[in-house]
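Asks: Structure below; questions to follow.
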Amino acid sequence: MGKVRGELRSHCPINFGIEIFGDRWTLLVLRDLLLQGKRRFGDFQASEEGISSNILAERLDRLTHYGLVTAERVAGDRRQIRYEPTEAGRALLPVLVEMAYWGARHDPRTAAPKSFALAYEADRAGLLRSVEAGTNPSEG
């Protein structure tokens, strides 16, 4: 595992979250994992934001260290690692959906389809259930 800082600045619950996933790359890795179903290193690296391999490896190490992601070797190809969200990682899905909705509403050039904001506004809980199940009614 790479360098994962062990000491927190404080035990404030907001600080705890910021120290784990409070940078742009970690949130984008979580987006790819939870919203886009990416599971392999190369899948994450192919995201349009262009994360470098060393940053990606460090963020995946951090998420694994803090129990948000598991990393297991793929049977048949021991060089490949498959990343899966843990229950604690999946618990961040509503946070990401809230951030996506906020961005969709406030970024005049948003890439989010209008149907996403409409689905959120019509039935936020239903949208979350659909995303958790791996479907997104705003995409159809």
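Asks: When the Cα centres of the range 18-52 and the range 79-140 are compared, how far apart do they sit, in Å?
Replies: Centre-to-centre distance over Cα atoms comes out at 14 Å.
Asks: Let me check the size of the range 13-88 from its C-alpha atoms; what are the radius of gyration and Dmax in Å?
Replies: Expressed in Å, the Cα Rg and Dmax of the range 13-88 come to 12.1, 41.
Asks: On to the next question. Could you compute the FRET efficiency for ARG40 and THR86, with r as their C-beta to C-beta distance and R0 at 25 Å, rounded to 0.05?
Replies: On the way: r = 17 Å, r/R0 = 0.69.
Efficiency, rounded to the nearest 0.05: 0.90.
Asks: So how long is each side of the chain along the principal axes, counting just the alpha-carbon atoms, biggest first, in Å?
Replies: Principal-axis extents of the Cα atoms in the chain, largest first: 43, 43, 28 Å.
Asks: Given only helices, namely DSSP H runs of n ≥ 4 each adding -39500 (n - 2.57), what is the per-residue ellipticity at 222 nm of the chain, to the nearest 500 deg cm²/dmol?
Replies: Values: 8 runs with 74 residues, N = 140.
Helices in the chain give a 222 nm mean residue ellipticity of -15000 deg cm²/dmol.
Asks: Another question about this same structure. Which one of THR64, THR26, THR86 has the biggest mean-square fluctuation once the chain is modelled by GNM with Cα springs under 10 Å?
Replies: Top of the fluctuation ranking is THR86.
Asks: Here is a further query. What FRET efficiency would be calculated for the residue pair ARG79, PHE16, taking the C-beta separation as r and a Förster radius of 35 Å, to the nearest 0.05?
Replies: Numbers: r = 34 Å, r/R0 = 0.97.
The formula returns an efficiency of 0.55 here.
Asks: Taking the Cα centre of the range 43-140 as the origin, how large is its charge dipole in debye, to the nearest 20, when only Lys and Arg (+1) and Asp and Glu (-1) carry charge on their Cβ atoms? Could you put the intermediate results ahead of the total?
Replies: Numbers: 12 positive and 15 negative charges, 14 e Å.
That gives a dipole near 60 debye.
Where a number appears in this text, it was derived from the coordinates with a stated rule and is not lab data. What you see is a predicted model; the values in this text were computed from it and never measured. Cβ: placed from backbone, ideal geometry, glycine included. Neighbour counts: every protein chain shown.
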